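S.K.: The structure that follows is given in the form of structure tokens.
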Amino acid sequence: MKHDTTSFYIDGSWRGTSASQQRIDVENPATQEIIGQVAQASESDVDQAVEAAHRAFETFSQTSREERLALLEHVIEVYKARQDEVASVMSAEMGASITTAREAQAPAGLGHLEATYEALKAFDFEAPVNASNRVFREPIGVCAFITPWNWPLNQIAAKVAPALATGCTCVLKPSEMAPLSAHLFAEILDEAGVPAGVFNLVDGDGPGVGAYMAQHPLVDMVSFTGSTRAGIEVSKLAAPTVKRVTLELGGKSPNIILDDADFETAVRNGTQACMYNVGQSCDAPTRMLVPHARMDEAVEIAARAAQALVTGDPSRSDVDNGPIAYGRQYEKVVSLIRKGIEEGATLACGGADKPEGCEAGYFVKPTVFGHVTPEMTVAVEEIFGPVLSIIGYADEEEAIRIANDTPYGLGAYVSSGNLDRARRVARRIRSGQVTLNSAEGDYETPFGGYKQSGNGREGGAYGLEDFLEIKAIVGWN
């Protein structure tokens, strides 16, 4: 890092906090050692950042598509040059294995930048309505971004990239649990020549800094990624100023494995996907639905797949899973594992004890529960850890009913030997994204939720829409 991380990036330069003396320790969850500090922003600091963005919007909103493409191109170049550093910082601050950080976490930030760049090339910012009238899509204004700790650069880039592409300006508050990668991202934008005030960064907690940003009268849009509970609070705070609010919230994603699927492959892939990033993904397929008659078979395959994962020191290249990202989340995961055992689910592997050799740090064994019923706590609550619940169903109709029986609707998964059947089932699931037969995702395809998983979409051309107002000019011709 080239700067003091207790400073904020405001109006094109690093500056210390104007009032608050409070510091927030950044902990390495694998060792429980303090690896850095950030400052808790005061309201005055937020005001300065928002006012800088407000001033910059006047000119940046008038830039051409070509100018913004050139700017994104520079950001992409600098990001690529510092991508290994990004991976190392994220692994240290939130515990992702270095392999996951290098192969997924850091590339995710680049993926959103590149997908946005490509989308901007062909995006229609104006179009005729009829012979007389025309519609223009114009930048919404100053955007406040509140991002999570589990996929830090993925969520930051998914918001900042479309803001830059559409001519908006922004203020970012990253998670105080994993803020160092956000500081590195600010250095990347500064080095790439993002104009002063277009991007600003302040640190702090949600109830203090995030809440003040959400209600700020000069903020035109809030984009929040995090828990459903916090997303509701953001919406309430934003309501009096009638801001646009986009939310990417919690999930409890179903994974329907139909009776004609390649069972060994589907169960193994589903288990690995559930455990990926230590289960700390909002769209992780945590509810595996299998025919009752094949429950024991599914449990055996899933347990074998989970036990094959290596949990330990995230700096080692042979490790699949590092620790849970911080202490409170670790306690929540362990308590829910205990709850699953108490409520009578069959513990096929894992459990509440730490993995052998992982006495320090917030490590959790990959855990598989079989014979889970839909009303059990582990089948209902978002755990956000490496915990899979396998639920039985009688037929396809019941599988669809169980899949939809949740307040969430972010991700869903279907496996079948018949693609038409998989498509038919996917159309009936109330979810923002459905993955068929373990297909690979990309950064052009929209991502976002139904129901209490949020609103709005991120990714590619669809991710630009939320940052634009529609202006109709009547009598253009």
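S.K.: Sort 362-371, 203-212 by packing, meaning the average of other beta carbons within 10 Å per residue, with the highest value first.
M.R.: 362-371, 203-212
S.K.: When a footprinting reagent is the concern and you count Cβ atoms within 10 Å, what order do 159, 80, 243 take, fewest first?
M.R.: So the ranking, lowest neighbour count to highest, is 80, 243, 159.
S.K.: Moving on to the next point. Please compute the length gained on full extension between residue 307 and residue 32, using 0.36 nm multiplied by the number of residues separating them and subtracting their Cα-Cα distance.
M.R.: Computed gain between residue 307 and residue 32 is 96.5 nm.
S.K.: Measure nothing but the geometry: give the 0 to 90° angle between the long axis through the Cα atoms of 180-191 and the longest principal axis through the Cα atoms of the chain, rounded to 10°.
M.R.: Between helix and principal axis, roughly 40 degrees.
S.K.: Can you work out the Karplus-derived ³J(HN,Hα) for every residue in region 273-285? Use 6.51 cos²θ - 1.76 cosθ + 1.60 with θ = phi - 60°, whole Hz, and x for glycine or proline.
M.R.: Those phi angles translate into 5, 5, 7, 4, 6, 6, x, 9, 9, 5, 9, 4, x Hz.
S.K.: Using only the Cα atoms of region 254-442, build the gyration tensor, take square roots of its eigenvalues as a ≥ b ≥ c, and label the shape rounded, prolate or oblate: rounded if a/c is under 1.5, else prolate if a/b is larger than b/c, else oblate.
M.R.: Prolate is the answer for region 254-442, as a/c is 1.5 or above and a/b outweighs b/c.
S.K.: A follow-up question, please. With 10 angstrom as the radius, rank 118, 27, 440 by how many other C-beta atoms surround their C-beta, starting from the fewest.
M.R.: 440, 118, 27
S.K.: Using a Förster radius of 56 Å, what is the FRET efficiency between residue 239 and residue 316 based on their Cβ-Cβ separation? Nearest 0.05, please.
M.R.: The computed FRET efficiency comes out at 0.75.
S.K.: May I pose another question? Take the alpha carbon gyration tensor of region 26-132, find the square roots of its eigenvalues, order them as a ≥ b ≥ c, and report rounded if a/c is under 1.5; if not, report prolate when a/b exceeds b/c, else oblate.
M.R.: oblate
S.K.: Under 5 Å between amide H atoms, partner at least 5 residues away or on a different chain: which partners does residue 435 have, H built in plane at 1.01 Å?
M.R.: 412, 413, 414
S.K.: Assign one of three labels to the chain, namely rounded, prolate or oblate, based on the Cα gyration tensor with a ≥ b ≥ c the square roots of its eigenvalues; rounded applies when a/c is under 1.5, prolate when it is not and a/b is larger than b/c, and oblate otherwise.
M.R.: Oblate.
S.K.: Between region 387-402 and region 311-327, what is the separation of their alpha carbon centroids in Å?
M.R.: Computed from Cα coordinates, the inter-centre distance equals 31 Å.
S.K.: Could you tell me the calculated FRET efficiency between residue 85 and residue 13, based on Cβ-Cβ distance and R0 = 22 angstrom, to the nearest 0.05?
M.R.: Calculated value: 0.55.
S.K.: First measure r as the distance between the Cβ atoms of residue 398 and residue 331, then evaluate 1/(1 + (r/R0)^6) with R0 = 45 Å and state the FRET efficiency to the nearest 0.05.
M.R.: With a Förster radius of 45 Å, E is 0.85.
S.K.: Once you measure Cβ to Cβ distances between cysteines in the chain, which Cys have no partner under 4.7 Å?
M.R.: If one checks each Cβ against the other cysteines of the chain, 168, 274, 282, 349, 358 turn up with nothing under 4.7 Å.
S.K.: If you don't mind, there's one more thing I want to ask. Quick one: 445, 147, 100, fewest Cβ neighbours within 10 Å first, how do they rank?
M.R.: The most exposed by this proxy come first: 445, 100, 147.
S.K.: Would you mind computing, in nm to one decimal, how far apart the modelled labels at residue 293 and residue 347 are, each placed 7 Å from Cα along Cα→Cβ?
M.R.: Once both label points are built, they end up 3.2 nm from each other.
S.K.: Which percentage, to the nearest 5, of the DSSP beta bridges contained in the chain is antiparallel?
M.R.: 40 percent
S.K.: Right, something else. How large, in Å, is region 378-464 by the Kirkwood hydrodynamic radius built from its alpha-carbon pairs?
M.R.: Roughly 14.2 Å, rounded to one decimal.
S.K.: Moving on to the next point. Through the Karplus equation 6.51 cos²θ - 1.76 cosθ + 1.60, θ set to phi - 60°, convert the phi angles of region 396-411 into ³J(HN,Hα) values in whole Hz; use x for Gly and Pro.
M.R.: Values per residue, Gly and Pro as x: 4, 4, 5, 4, 5, 5, 5, 4, 8, 7, 7, x, 9, x, 9, x Hz.
S.K.: Cα axis of helix 106-122 to longest principal axis of the chain: angle in degrees, 0 to 90, nearest 10?
M.R.: 50 degrees
S.K.: Going by alpha carbons, how many degrees (0 to 90, nearest 10) lie between the helix axis of 43-60 and the longest principal axis of the chain?
M.R.: Helix 43-60 and the main axis of the chain meet at about 70 degrees.
S.K.: Express in whole angstrom the spacing between the alpha-carbon centres of region 135-178 and region 208-264.
M.R.: 13 Å
S.K.: Can you compute 3J(HN,Hα) from phi for each residue in region 238-248, using the Karplus curve 6.51 cos²θ - 1.76 cosθ + 1.60 with θ = phi - 60°, rounded to whole Hz and x for Gly and Pro?
M.R.: 7, 4, x, 9, 6, 6, 7, 10, 10, 9, 10
S.K.: In deg cm²/dmol and to the nearest 500, what is the mean residue ellipticity at 222 nm of the chain if only DSSP H runs of at least 4 residues count, each as -39500 (n - 2.57), divided by the residue total?
M.R.: It comes out at -11500 deg cm²/dmol, rounded to the nearest 500.
S.K.: For residue 37, which sequence-distant residues (separation of 5 or more, or a different chain) have an amide H within less than 5 Å of its own amide H, given hydrogens modelled in the peptide plane?
M.R.: 26
S.K.: Tally the DSSP beta bridges in region 254-442 and give the antiparallel ones as a percent, rounded to 5.
M.R.: DSSP beta bridges in region 254-442 are roughly 15 percent antiparallel.
Read-outs throughout are calculated quantities, based only on the coordinates presented, and are distinct from any laboratory measurement. In this text, all values refer to a predicted model and were calculated from it rather than measured experimentally. Note: ideal-geometry Cβ built from the backbone for every residue, glycine included; neighbour counts use all protein chains shown.
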